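*Asks:* Can you read through this structure? Questions will come right after.
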Amino acid sequence: MTTEKIDNVSVTTQANVYFGGKCVSHGISFADGTKKSVGVILPATLTFNTGAPEIMECVAGACDYRLAGTDAWLRSAAGEKFSVQANTSFDIRVADGFEAYHYICHFG
């Protein structure tokens, strides 16, 4: 099931803008200290580095992703998630002509 709404959070109003505007997100915090980000990736191929484990949840659009140390590109579409370990990297590819990849990044 795709997350459509997140209640009872604090939102950072200034956007995090990466890769010349190809990725834009806002940080959200829960009362228990849990942190997530909600954002969008426009058509591009980008590499992200992780500090903490992450779960990328697709809420709209789709992307292809490749985890560090692998050659395989895998697809993630609305309602799907993929996990990335801490202290590694992953590539995301959103093809030209496709809807942007809308996501929630769950930090672990």
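*Asks:* With the condition kept exactly as written, say whether any residue in the range 93-105 is under 30 Å from GLY33 (Cβ atoms) and of a type in the set (D, E, K, R).
*Replies:* Taking every residue of the range 93-105 in turn, none turns out to be under 30 Å from GLY33 (Cβ atoms) and of a type in the set (D, E, K, R).
*Asks:* Out of curiosity, is ALA100 under 22 Å from VAL11 (Cα atoms), among the small types (Gly, Ala, Ser) and in contact with a Leu (Cβ under 8 Å, 6 or more places away or on another chain)?
*Replies:* Working: under 22 Å from VAL11 (Cα atoms): yes; among the small types (Gly, Ala, Ser): yes; in contact with a Leu (Cβ under 8 Å, 6 or more places away or on another chain): yes.
Here the answer is yes, as ALA100 does meet what is asked.
*Asks:* Among ILE55, ILE6, ILE28, which is the only one that is surrounded by fewer than 16 Cβ atoms within 10 Å (Cβ to Cβ), at pLDDT 95 or above and in contact with a strand residue (DSSP E or B) (Cβ under 9 Å, 6 or more places away or on another chain)?
*Replies:* Details: ILE6 fails: at pLDDT 95 or above; ILE28 fails: surrounded by fewer than 16 Cβ atoms within 10 Å (Cβ to Cβ).
When all the criteria are applied, what remains is ILE55.
*Asks:* Oh, and also: Is it fair to say GLY39 is small (Gly, Ala, Ser), at pLDDT 95 or above, touching a strand residue (DSSP E or B) at 6+ places or on another chain (Cβ under 8 Å) and surrounded by fewer than 16 Cβ atoms within 10 Å (Cβ to Cβ)? Explain how you work it out, then say what you get.
*Replies:* Working: small (Gly, Ala, Ser): yes; at pLDDT 95 or above: yes; touching a strand residue (DSSP E or B) at 6+ places or on another chain (Cβ under 8 Å): yes; surrounded by fewer than 16 Cβ atoms within 10 Å (Cβ to Cβ): no.
In short, no.
*Asks:* Now, a different point. Can you run down the residue pairs with Cβ atoms below 7 Å, 6 or more apart or on separate chains, where the first is in the range 1-21 and free of Cβ contacts under 8 Å to residues at least 60 places away in the same chain and farther than 18 Å from PHE48 by Cβ and the partner is aromatic (Phe, Trp, Tyr) and part of a loop (DSSP other than H, G, I, E, B)?
*Replies:* Listed by first residue and then by second, the contacts come to nothing, as the list is empty.
*Asks:* For the range 63-103, name all the residues that are of a type in the set (Ser, Thr, Tyr) and either surrounded by 15 or more Cβ atoms within 10 Å (Cβ to Cβ) or more than 12 Å from the chain's Cα centre (by Cα) (or both). Explain how you work it out, then say what you get.
*Replies:* Here is the first cut: in the range 63-103, the ones of a type in the set (Ser, Thr, Tyr) are 65, 70, 76, 83, 88-89, 101, 103.
Within the range 63-103, TYR65, THR70, SER76, THR88, SER89, TYR101, TYR103 qualify.
The values are calculated or read from the model by the stated rules, or taken from the named source; none is laboratory data. These numbers come from a predicted model, not from an experiment. Quick reminder, even Gly has a Cβ in these numbers, built from the backbone with ideal geometry, and neighbours come from all protein chains shown.
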